[in-house]
Amino acid sequence: MSSPLVSLRDNAIFIFPGQGSDPRGGLATLHGTSPQVAQRIEEVLGAIDDALNHIEQRRPIASGLIRQVLLDPDHKGGLPVGVPQMAAFAASVALAEVLELFGVCPRVIIAQSLGEIAAMVCAGALTLADGARAVCALNNAFQDQEGEGTMVLVVGSERETLTLLETVRRPDLVLACVNAPRQCLVSGPNKAIEALMKQAPDGPKILRLDAPYASHHPGQVSVAERFLAQLRALSPGSIRVPLYSCVARRMYHDKDDLPRGLADCVIKPAHLLQALQDINSDAQTVFVDLGIGGGLSRCVYATLPLAQAYAPLVQDAAELMVLFSELEFRAGADDPLTDRTIRGLVEAIEGAVSNETSMQAAQILAGLDLSHRIGLANLELHRGTYARLRALIKALPANTRLFDEPGLMLALSQALGVGDPSLFIAFAIQYGLCVGTLIEFEQDNPGAIRLRQALESGEKVSAYMITEIGGSNSQIANRTEAVFDPASRSFTLHTPDNGALKFTNVGISDQPKIGVVCARLKMDGRDCGVYPFAFDISDHRGPRPGVRLSSPAEIPLVPFDYGLARFDHVHLPYCAWLSGTASIDEQGVLHDPLSHPDERLVRTLVAPAHVWAMAAIAMCAVARASVGLALSHSLRRSTMARIGADVSLLSYSTQRRALFAALATTYVTTCQVNHEVEGWMQRVRERTTRRTADASALTWAPWSSANRSLALSKALCTWAVEQVISECRLRCGVAGDLTLNRFMEYEGLAHVFNDAGGNNLLIVLDTAKSLSTLPLDVPPVFSGSARLLEPEYWLFLFRTREYRLISRLKADVEAAEVRGCDPMQVWNPLLVGARAVGEAHGLRLFLESALQALAVVTQPQVEKMLGDLTTLFVLERIEQHAAWFISEGLLGLEMYRQLEGKITVLCDQLAQHAPQWIAAFGYPKDATQAPIGDDMDSAEALASALHWTTGSRPRGAPQ
Ligand SMILES: Cc1cc2nc3c(=O)[nH]c(=O)nc-3n(C[C@H](O)[C@H](O)[C@H](O)COP(=O)(O)OP(=O)(O)OC[C@H]3O[C@@H](n4cnc5c(N)ncnc54)[C@H](O)[C@@H]3O)c2cc1C
């Protein structure tokens, strides 16, 4: 069952009371809850005061008196008749306004008695000033009757009250209101009321009310007529919220004469009991009592014992604060407070890519056609991707150099990841890999500068080549050779056999394309290390001489023209060599400041780090988009299970668990990626991407040596995001499988980054191996009390896991080395444990980034929401490794038993903010283009996203 607070937003019925309670201090507590609330109350009271100054009143209400009465519980002055009526009206309207401020609007309004005036204001039929006029008109009309009659409360059923009235035999006594199964009001002249009171001893209990006149009494026809005459000066509008009149005993319709309805309240009985029974409510409905004394909420409970009722004006300050802090999270998206929460959430995840830069990226992309391309043949699709890449480059502001604006490069990566993953891949290759390599090594090389300019102007596209298909770990064992010829000072690039074919994007081979090819420099048969070479590999006519390019081999997950490239004795001028600070002198002697070929390789591979940053940012974006789509789909989708027909899919604990765990992973991963990417941006801005190279971490692949933490973040981000999107897809059923709805593509993007930019497992293994060679820190200590919701305890757990796994790996390696094992014998049995080391290290980094991100959040509600998300992430990880934590004596059994319950509670709390998560983390429909993200019912959205073919109308079918 959803929380009452969720229902308060979605399923509230407001009940406006007639008169009754002492209004003194009625709004004081509410007023004190927050400056926004106080401001809204002041606005309402100010507007009523203004109106009163312009209304004709037989007994004018002094300016500021209503405010004084409602805000001062100790108000000493008397309350002349008319003041409580106006104060009750003002209190109800102000409360309704405050609730609206928090996104709580009624789905239905019930008006009891002359609460109809405030109810009509709330329903939009009367302006606030006209409402005040109507109350004055009532006061004016009744003035002559004041003191002539009154009303009493009978604690008995309608039948018992009628029997009582028969017993008294006073035809001038009438049943005025039936409020609850055992609560009625009787109205009449004073003498008749006294007679009634005397009858009481054996019959139902009777309580005298402080009513200044007999209302709901047919004898008040002249009052009603006077009242109506003044009401005729008002101009009611149409009713915007269904409004049930307890006097009319039905919903008002647009055609109803509302002033007549109000006047009828003076002479006809009001039947709240019937209203509560007539109105469609369920266990989720919350009846909100807009009165000062909370009497209506008691009537609700008496009539509908299982109902939920709220009477905000009888709650104390602490209760109201909790209510409003909760409501603030749940308010509608166009509510100012909710906007602030959503903005706070957005700011918390935007990291290095500011909102401003994202807007700039969005503007650049706005003029491009990024429409979803379903059903295109592969070649057409690939050509289209290159056309889009060229259009994107042309759309960049003149003279934009993205390496001078790394934030924009990341913002474009995010938007392209969500809008067109294939184009993102093309963009990452063009800029991250190829322009990135050229910038790093061009020095004063005019040929390299020209090539870079051709890429930055969109004149040419590009392909990057390090991987060779013949064996694993080919990146550290490239066999493509560039043999230097001292006589011509040129190189001959050659692919020795098919095992050295390069895997790259060359399937569309009839366009101007530059290749950045990593090849082993050979001089006099000597291996001088792997360098990048840049040159034209194809033009409009096809591959350049000596270059052979295959047809696309196709990776359907993220379609692009991936294929194979071969170089047959291709002649390359000296300037094709991206030598950086190395050179070959006139005598043909190589001068390279880097002394080892491995160092040269690591130096050559400077550009993949750009792709790790771009890809990690893009993957976080598609993860957020996917969770946003899955959450909004689940929130709207109705279910028909027999245990809860027609409840939202997101009401189910299994759906919540899956999607909020996915959201939590997405958030924490985003924090880590933001943290890493900030460091990358700084290095790019300061042009301090590595100038030297440390190859000591190179065992399986070159990646960790280039930048250990960024490579690891890319690897772990990929694994996290792939899982997140897979879960989101699964949770959307068939809608998740439709290409139209993007999950497949987004998941595909994450999937290919298992290998694109370097294989993740190898990155993790290299990370673990290099950690095992570092001196160990002191073991983590924790002096607090171990509690599952304590961040210090989380840090202790995760740091200890990392510490102990590294210690064990270190010890095992040392022991094996002492036994004289060779590296294969040492490491091969330890690889599963090494992977755990890399992941434990990453988990600790992820948690630290999330806690750091949380520490700078200033809005309490945003901090609470993100804190819950981080907690869920952590508890899920503790549960995942619980066996290990228990076996290591770090987690008690009792704590383990509490885990599941705490996770469930967290998911329920997070579910209450679903609209805010969707608004803050998700992407708008025009970005994802996914019908599932449409606000419509998913069936409607899908049906309207598809083309239809219609047969002729069957004979006899209705027109
Ligand atoms: C979409 C996509 C785009 C790409 N783009 C480019 C590009 O533009 N340019 C380019 O040059 N390359 C590109 N690549 C290639 C990419 O860099 C490689 O796929 C990646 O480095 C892995 O190499 P591999 O495919 O040879 O796999 P392998 O190295 O054969 O690995 C296969 C599996 O074996 C495991 N494994 C390998 N070696 C070991 C070992 N020694 N010990 C234990 N386990 C091992 C790996 O973890 C992996 O699971 C791209 C790949 C993809 C998928």
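The values are calculated or read from the model by the stated rules, or taken from the named source; none is laboratory data. Keep in mind it's a predicted model, so treat the numbers as computed, not measured. Cβ atoms come from the backbone with ideal geometry, glycine included; neighbour counts cover every protein chain shown. Remember, those area values only see protein heavy atoms, side chains included, never the ligands or the DNA or RNA. Shrake-Rupley method; radii C 1.70, N 1.55, O 1.52, S 1.80 Å.
Assigned by TED's automatic domain parsing to the domain that holds Gly419 and either assigned to a loop (DSSP other than H, G, I, E, B) or touching a residue at least 40 places away in the same chain (Cβ under 8 Å) (or both): does that describe Arg603?
Taking the combined requirement at face value, the residue satisfies it.
What are the residues in the range 667-705 that are open to solvent by 20 Å² or more (accessible area, probe 1.4 Å) and within 16 Å of the ligand (Cβ to nearest atom), if any?
Result: Leu698, Thr699, Trp700.
So, Ala630, is that one at pLDDT 95 or above, of a type in the set (A, V, I, L, M, F, W, C) and touching a Cys at 6+ places or on another chain (Cβ under 8 Å) or not?
Numbers: at pLDDT 95 or above: yes; of a type in the set (A, V, I, L, M, F, W, C): yes; touching a Cys at 6+ places or on another chain (Cβ under 8 Å): yes.
Against the criterion (at pLDDT 95 or above, of a type in the set (A, V, I, L, M, F, W, C) and touching a Cys at 6+ places or on another chain (Cβ under 8 Å)), Ala630 qualifies.
I need the full set of residues from the range 245-277 which are open to solvent by 10 Å² or more (accessible area, probe 1.4 Å) and over 22 Å from Arg226 (Cα atoms), in order please.
Matches in the range 245-277: Arg249, Arg250, Met251, Tyr252, His253, Asp254, Lys255, His271, Leu273, Gln274, Gln277.
Go through the range 62-99 and report how many residues are in contact (Cβ under 8 Å) with a residue 60 or more places away in the chain and open to solvent by 20 Å² or more (accessible area, probe 1.4 Å).
3
Give me the helices (runs of 4 or more DSSP H) completely within the range 381-474, filtered to those with at least 3 residues that are within 16 Å of the ligand (Cβ to nearest atom), ordered by residue number. If you could, list the steps in order and put the result at the bottom.
Numbers: elements: 406-419, 421-427, 436-441, 446-456.
Counting at least 3 such residues, we get 406-419, 421-427, 436-441.
Any idea how many residues of the range 626-658 are among the charged types (D, E, K, R) and free of Cβ contacts under 8 Å to residues at least 40 places away in the same chain?
Start the filter on the range 626-658 by keeping residues that are among the charged types (D, E, K, R), which leaves 636-637, 642, 646, 656-657.
Cutting the leftovers down to free of Cβ contacts under 8 Å to residues at least 40 places away in the same chain gives us 642, 646.
Total satisfying the criteria: 2.
Does any residue of the range 520-529 turn out to be at pLDDT 95 or above, within 16 Å of the ligand (Cβ to nearest atom), open to solvent by 20 Å² or more (accessible area, probe 1.4 Å) and in contact with a strand residue (DSSP E or B) (Cβ under 8 Å, 6 or more places away or on another chain)?
Checked against the condition, which is being at pLDDT 95 or above, within 16 Å of the ligand (Cβ to nearest atom), open to solvent by 20 Å² or more (accessible area, probe 1.4 Å) and in contact with a strand residue (DSSP E or B) (Cβ under 8 Å, 6 or more places away or on another chain), the range 520-529 yields at least one hit.
When you scan the range 478-499, do you find a residue that is assigned to a helix (DSSP H, G or I), within 15 Å of the ligand (Cβ to nearest atom) and surrounded by 21 or more Cβ atoms within 10 Å (Cβ to Cβ), even just one? Steps first, answer last, please.
The first filter runs over the range 478-499 and keeps only residues assigned to a helix (DSSP H, G or I), leaving 498-499.
Checking which are within 15 Å of the ligand (Cβ to nearest atom) leaves us with 498-499.
Now restrict to residues that are surrounded by 21 or more Cβ atoms within 10 Å (Cβ to Cβ): none.
No, there is no match, as no residue in the range 478-499 is assigned to a helix (DSSP H, G or I), within 15 Å of the ligand (Cβ to nearest atom) and surrounded by 21 or more Cβ atoms within 10 Å (Cβ to Cβ).
Take the residues in the range 542-556 that are among the hydrophobic types (A, V, I, L, M, F, W, C) and out of contact with any Gly (no Cβ under 7 Å at 6 or more places or on another chain), then tell me which one is farthest from the ligand (Cβ to nearest atom).
Val547
Is there a residue being within 22 Å of Arg844 (Cβ to Cβ), under 28 Å from the mean Cα position of the chain (by Cα), of a type in the set (Ser, Thr, Tyr) and more than 16 Å from the ligand (Cβ to nearest atom) anywhere in the range 777-799?
yes
Would a scan of the range 60-74 turn up a residue that is under 18 Å from Asp289 (Cβ atoms) and among the hydroxyl-bearing types (Ser, Thr, Tyr)?
Filtering the range 60-74 down to residues under 18 Å from Asp289 (Cβ atoms) leaves 70.
Now drop any that are not among the hydroxyl-bearing types (Ser, Thr, Tyr), which leaves none.
No, that holds for no residue.
Of all strands (runs of 3 or more DSSP E) completely enclosed by the range 116-233, which ones contain at least 3 residues that are in contact with a Cys (Cβ under 7 Å, 6 or more places away or on another chain)?
Values: elements: 149-155, 174-180, 183-189, 205-208.
Hits in the range 116-233: 174-180, 183-189.
Looking at the range 510-518, can you tell me whether even one residue there is touching a residue at least 24 places away in the same chain (Cβ under 8 Å), within 11 Å of the ligand (Cβ to nearest atom), touching a Cys at 6+ places or on another chain (Cβ under 9 Å) and aliphatic (A, V, I, L, M)?
The first filter runs over the range 510-518 and keeps only residues touching a residue at least 24 places away in the same chain (Cβ under 8 Å), leaving 510-518.
Right, trim to within 11 Å of the ligand (Cβ to nearest atom) and you get 515-518.
Subsequent filtering for residues that are touching a Cys at 6+ places or on another chain (Cβ under 9 Å) retains 515-516.
Narrowing the set further to residues that are aliphatic (A, V, I, L, M) leaves 516.
Yes, the range 510-518 contains at least one residue that is touching a residue at least 24 places away in the same chain (Cβ under 8 Å), within 11 Å of the ligand (Cβ to nearest atom), touching a Cys at 6+ places or on another chain (Cβ under 9 Å) and aliphatic (A, V, I, L, M).
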